[in-house]
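A.B. asks: Below is one structure. I have some questions about it.
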Amino acid sequence: MQSNPIAFTPMFKKNYGSVYRADKDTEIGCYTKKQMKSFYPRGDYSVEGELSPRNHKSAIGALKVNNKSFPVRPFKSHSKLFYAVKGYIKLEGIEDGFLALMKNALPARMMSIVLVLFLTAGSLYLGSNWSAIFPAGSVEFMTAAKVPDLEEGAVMWQGELPRSQNEGETEQGKGIEIPGYKSITIDANQKDVFVNFVNPEGNPCYFVISLVLEDGTELYKSKMVEPGMGLYKITLNHELEPGEYPAIVKYETFGLDGLEPMNGAEIKFILIAV
């Protein structure tokens, strides 16, 4: 390690979407790659170093968590063959500065190689023996199964579940839990705003979540959000001037098997732009 190592100080955020295990006793909350892509679509953030607890070689400093120090190496110093980014942790004192948290990727990549070889061998065998395995006229082709159009900006949701104050807006009796809101505060004159939309874990359906003003103006509509996933940041169709707006969160629901429409809901609330 250098004679003047850098002391990296983590920021503990409530909206981290994943957890990184630094050792058997230490877990560190971190942003996922999807979250970082949502927060910084242009990639305008800095990575100050890479954390891999078992790799002390060429360390430039240390990250201190729970009275423990974990070695930090320079950015892009880990081999892409053996390591992959698990997530990113925000650093104190560095605007838009992060540490990349590295994981051992070799076992997973070896499994992928074995799987590709197995599928290739199977395809070659099937291709050369197709007529023997499936005599002419014996195969009925089925239509392709419906595939959900998933929301790319959705991330693993963590936090306190939003609850409506109005009775009847949570359809637990029907097996679908619908979050409700009394108000939501966003930045005025901004298209990229922070929210807290979620499809609660355990729901038997996908959510398509829309944000609509009471006059019918659609500000946002998501693609399908899986149970246990949420949206912390969305892009509005247009900006709002400062003020309070009567608004509606619309939930369209689609079954996990077959994507059949299920009971949806509309939650009225006050959208506050400041």
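The values are calculated or read from the model by the stated rules, or taken from the named source; none is laboratory data. Keep in mind it's a predicted model, so treat the numbers as computed, not measured. As a convention, Cβ positions derive from the backbone with ideal geometry for all residues, glycine included, and neighbour counts pool all protein chains shown.
A.B. asks: If only one of Glu241, Glu260 is within 16 Å of Leu150 (Cα to Cα) and exposed (fewer than 15 other Cβ atoms within 10 Å of the Cβ), which one is it?
C.D. replies: Glu260
A.B. asks: Kindly evaluate Lys80 against the criterion of being on the phi < 0 side of the Ramachandran plot, surrounded by fewer than 16 Cβ atoms within 10 Å (Cβ to Cβ) and within 23 Å of the chain's Cα centre (by Cα).
C.D. replies: The answer is yes for Lys80.
A.B. asks: Oh, and also: Run Val212 past the list (1) crowded, with 20+ Cβ neighbours inside 10 Å; (2) free of Cβ contacts under 8 Å to residues at least 40 places away in the same chain and report the number of the one that doesn't hold.
C.D. replies: (1)
A.B. asks: While we're looking at this one, here's another question. Under the condition of being of a type in the set (Phe, Trp, Tyr) and at pLDDT 85 or above, which residue from region 84-121 is surrounded by the most Cβ atoms within 10 Å (Cβ to Cβ)?
C.D. replies: That would be Tyr88.
A.B. asks: Sticking with this one: Report yes if some residue within region 248-268 is touching a strand residue (DSSP E or B) at 6+ places or on another chain (Cβ under 9 Å) and at pLDDT below 90; otherwise report no.
C.D. replies: Yes - at least one qualifying residue is present in region 248-268.
A.B. asks: Moving on to the next point. Taking Glu27, is it without any contact (Cβ under 8 Å) to a residue 12 or more places away in the chain, of a type in the set (Asp, Glu) and in contact with a strand residue (DSSP E or B) (Cβ under 9 Å, 6 or more places away or on another chain)?
C.D. replies: yes
A.B. asks: Specify which of the listed residues (Leu81, Leu117, Leu91, Leu99) is of a type outside the set (Gly, Ala, Ser) and outside the structural domain of Val47 (by TED's automatic domain parsing).
C.D. replies: Selected residue: Leu117, the only one of Leu81, Leu117, Leu91, Leu99 that is of a type outside the set (Gly, Ala, Ser) and outside the structural domain of Val47 (by TED's automatic domain parsing).
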